[in-house]
Amino acid sequence: MMIAYYESKKALKQEIGKPLKYTETSLFGPEYRSNGTFNVCNRPHITGAKREFFATVTVKNDVVVSVD
């Protein structure tokens, strides 16, 4: 699961059409792919955001196309 740098899931949804702001967390290699679906979260103690959230993000050609 990657850490997404957004204040809330709503803020992440507003970024559809833009590149994802994230940090890799895996010890086993990069999780991010230019095309694919993966899970992200926001950890307030790491990012300084107010809320914790979890989301499934779909990326195509390095651009967010959907957030669930």
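The values are calculated or read from the model by the stated rules, or taken from the named source; none is laboratory data. Bear in mind the structure is a predicted one, so any value in this text is a computation, not a measurement. Methodologically, a virtual Cβ is constructed for each residue, glycine included, from the backbone with ideal geometry; neighbour enumeration extends over all protein chains shown.
Considering only residues that are over 13 Å from residue 64 (Cα atoms) and of a type in the set (Lys, Arg), which ones fall in region 10-50?
The answer is 10, 43, 50.
Looking at region 26-51 only, could you name the residues that are among the hydrophobic types (A, V, I, L, M, F, W, C) and either modelled with pLDDT of 85 or more or assigned to a strand (DSSP E or B) (or both)?
Across region 26-51, the qualifying residues are 27, 28, 38, 40, 41.
Sort through 54, 38, 28 and tell me the only one that's touching a Cys at 6+ places or on another chain (Cβ under 7 Å) and among the aromatic types (Phe, Trp, Tyr).
54
Can you tell me how many residues in region 15-32 are over 15 Å from residue 63 (Cα atoms), surrounded by fewer than 10 Cβ atoms within 10 Å (Cβ to Cβ) and small (Gly, Ala, Ser)?
1
Test of understanding: among 37, 56, 25, which residue is of a type in the set (Val, Ile, Thr), within 11 Å of residue 2 (Cα to Cα) and under 11 Å from the mean Cα position of the chain (by Cα)?
Being of a type in the set (Val, Ile, Thr), within 11 Å of residue 2 (Cα to Cα) and under 11 Å from the mean Cα position of the chain (by Cα) holds for just one of 37, 56, 25, which is 56.
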